[in-house]
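The structure appears below as structure tokens.
The values are calculated or read from the model by the stated rules, or taken from the named source; none is laboratory data. Here the structure is a predicted model, which means the values were calculated and not measured. Backbone-built Cβ (ideal geometry, glycine too); neighbour counts: all protein chains shown.
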Amino acid sequence: MLTRLLAPAVLVLATFTVPALALDVKDVFVKLPASCFDAWPGEDNSAIKDPAKRKVLINSPEDKVEEVGRPMLVWKVEADTKNGFIKIDSSGDGEGAVFTMALWNCKDGTKLAGVAIEQWTNVANDTDHISFWKVDGDKLTEVTKDILPDLNLSSFYSDKRQELVKKAAKDNFRWWWHLPQKGTTIDVSAPAIELIEEYEPLANPDHAYEGRWDGKKFTWVKVKPKAIE
């Protein structure tokens, strides 16, 4: 009798790792840690620190933003997904805050997110919070220390005003960061100071700086100050 030897079929299961979907600027905004909003105005800023509430805010139609944003002291939201940019304005009478966030594409396929909160009053504008985050899939890792330039308030002024600059630094005046909505270059300027007689000599700084992005890092270059809207 002919005996058939039946070889058992071997089933090889290949395991595929499904890559995480890339986050757009709205997704990153929702995933930001609560610490990014510590400088947001209000005695209780827990609402804007809540990711679920931020998700509702950033996806609200324009005519609903003021209603949704009222508990967060938000009255205007601009979400430019094409350029990877978000701008949020707080309500305020004579003072307030502006949140901005920008995304950069990295050569390794990840993204870099920059977050800034500008504090403004009738007499001064500067930045109260700045942080940077590597966005790899759906994971955010802080890289602020790797990005910040080696500057201080005196870097924006000539030697003849350094004593006044030292006093301004003690009075908590800070640099003013301008994250780009278009292009990839960051502008960093001295604080805008107006109507403060003591600091009038600092109203016109001597220097400003640009952070020029090459897909891996920023190169910081001293430039002439320019008008900032």
Quick one: which residue in 63, 126, 93 is acidic (Asp, Glu) and touching a residue at least 24 places away in the same chain (Cβ under 8 Å)?
126
Matching residues in segment 28-63 - criterion: being touching a helix residue (DSSP H, G or I) at 6+ places or on another chain (Cβ under 9 Å), in a helix (DSSP H, G or I) and surrounded by 16 or more Cβ atoms within 10 Å (Cβ to Cβ)
29, 30, 31, 36, 37, 47, 48, 49, 53, 54, 57, 58
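Is it the case that residue 76 is in a strand (DSSP E or B), under 30 Å from residue 193 (Cβ atoms) and touching a residue at least 60 places away in the same chain (Cβ under 8 Å)?
Against the criterion (in a strand (DSSP E or B), under 30 Å from residue 193 (Cβ atoms) and touching a residue at least 60 places away in the same chain (Cβ under 8 Å)), residue 76 does not qualify.
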Determine if segment 175-187 includes at least one residue that is over 22 Å from the mean Cα position of the chain (by Cα) and within 26 Å of residue 132 (Cβ to Cβ).
no
Every residue in segment 216-227 that is more than 17 Å from the chain's Cα centre (by Cα) and closer than 15 Å to residue 107 by Cβ, please.
216, 219
Within segment 134-175, how many residues are surrounded by 14 or more Cβ atoms within 10 Å (Cβ to Cβ) and assigned to a loop (DSSP other than H, G, I, E, B)?
8
Considering only residues that are touching a strand residue (DSSP E or B) at 6+ places or on another chain (Cβ under 9 Å) and among the aliphatic types (A, V, I, L, M), which ones fall in segment 142-183?
143, 147, 148, 151, 168, 179
Restricted to segment 24-47, and to residues that are touching a Gly at 6+ places or on another chain (Cβ under 8 Å) and under 19 Å from residue 109 (Cα atoms), which residue is modelled with the highest pLDDT?
25
Find the residue count for segment 151-170, including only residues that are among the charged types (D, E, K, R) and touching a residue at least 40 places away in the same chain (Cβ under 8 Å).
1
